[in-house]
Amino acid sequence: MIGRSPLAREFWKHGRVAACPIYDMHGHMGHFHSIYFPRADAASMVRTMDEAGVRLLVFSHHAALNSPDLANEPSIAAVKEFPDRLRAYCMINPNYPEQVARDLAAFSNLFPQVYVGFKFLSDYHQVALTDPRYAPAWEMANERALPVLAHTWGGSAYDGEAVVREVAERYPQVRFLLGHACHGAWHAAVALARDFPNIYLELTAVFDDRGVIEIFVEEVGSERILFGTDLPWFDPHHAIGVLMNADISDADRHNICHRNAEKLLAPILPDLIA
Ligand SMILES: [Zn+2]
């Protein structure tokens, strides 16, 4: 069925809607091995954002994930190039503790002009979220009640639902964004969001499974769901299309597309979030 709500019709007609800006809370940037991205540099990604009405993207460059020699520098450079459209997560690579120490030492000077929080990719780095090598970053995020976006995959020993529960109990002040919402373990994600008021379900790749958005809205509420695409991996128009076709209200869609992100980011970026 094609969504026929007033908001959906606006999106079908124009491809973007000024009254419903999108905050994409999960992006990357740059080339990646074994896959071709036609629009992976900062300027091209901003062009994609413009086409879909994406107001702000919070991202971490692939170099920060895979190239410890470059680490977060390409993320920082991109935000400085597009300060009105981009903010970065400071990526923590726990396999390089000396780099983690440098990243944490630099964090305060770059917050919030560049960074709004941290990004953990436990399944890539094969270090569990509970590992002591992440602790300094968790502790800083907890002290300052900062957003942390962590990839979470159902059943994973690194960032599955049991691991997420353990760190959520340990760091109750962190604004904990479950990237991919414990992909596949949808009901475990619901239970986590119900048990921890500071947990948000982030939708990157959730769009590949029919009916999950309806479950999340029904069982958790749309106030705890955040839009995300993994740009440049997925196109925002695909994600927006799924949301517009989901069996939820336009008020829910506004929450997911922008209101929740605005509430989360307004204290951090008062000048950018009107
Ligand atoms: Zn990611």
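Listed values, structure above:
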read-out: Quarter of Cα convex hull surface for the range 165-209, i.e. mean projection, nm²; value: 2.9
read-out: Amide proton proximity set for Phe59, modelled H, under 5 Å, gap of 5+; value: Gly27, Arg87, Ala88, Tyr89
read-out: Under 5 Å, built H, 5+ apart or other chain: amide partners of Arg175; value: Leu146, Val148
read-out: Debye intensity ratio in log₁₀ form over the Cα atoms of the range 1-50, taken at each q of 0.19, 0.29 Å⁻¹; value: -0.78, -1.09
read-out: Per-residue Cβ neighbour rank within 10 angstrom, fewest leading, His31, His258, His26; value: His31, His258, His26
read-out: Inverse mean reciprocal Cα-Cα distance (Kirkwood Rh) of the chain, Å; value: 18.5
read-out: Phi-based couplings in Hz for the range 158-167 (Karplus 6.51, -1.76, 1.60; Gly and Pro marked x); value: 8, 8, x, 4, 5, 5, 4, 4, 5, 6
read-out: Share antiparallel - DSSP beta bridges, the range 1-121, percent rounded to 5; value: 10
read-out: All-pairs Cα distance distribution in the range 1-140, expressed in whole percent, bin size 5 Å; value: 2, 10, 18, 19, 17, 12, 10, 6, 4, 2, 0
read-out: Additional length obtainable on full extension of the chain from Asp250 to Ser5, 0.36 nm per residue less Cα span; value: 87.5 nm
read-out: The range 90-187: proportion of alpha-carbon pairs further apart than 20 angstrom, %; value: 31
read-out: For the range 95-102, 3J(HN,Hα) per residue [Karplus equation, 6.51 cos²θ - 1.76 cosθ + 1.60, θ = phi - 60°, Hz, x = Gly/Pro]; value: 7, 10, x, 5, 5, 4, 4, 5
read-out: Interchain or long-range residues, amide H under 5 Å from Gly160's placed H; value: Trp153
read-out: Proportion of all alpha-carbon pairs of the range 173-274 beyond 25 Å (%); value: 14
read-out: Whole-Hz couplings from phi, Karplus 6.51/-1.76/1.60, listed for the range 69-78; x for Gly and Pro; value: 5, 8, 6, 7, 4, x, 4, 4, 4, 5
read-out: For the chain, the longest site-free run once trypsin sites (Lys or Arg not before Pro) in DSSP loop states with at most 12 other Cβ atoms within 10 Å are removed; value: 5-209
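No value in this document is a laboratory result; all are computed from the given coordinates. Since we're looking at a predicted model, the values are computed, not measured. As a convention, Cβ positions derive from the backbone with ideal geometry for all residues, glycine included, and neighbour counts pool all protein chains shown.
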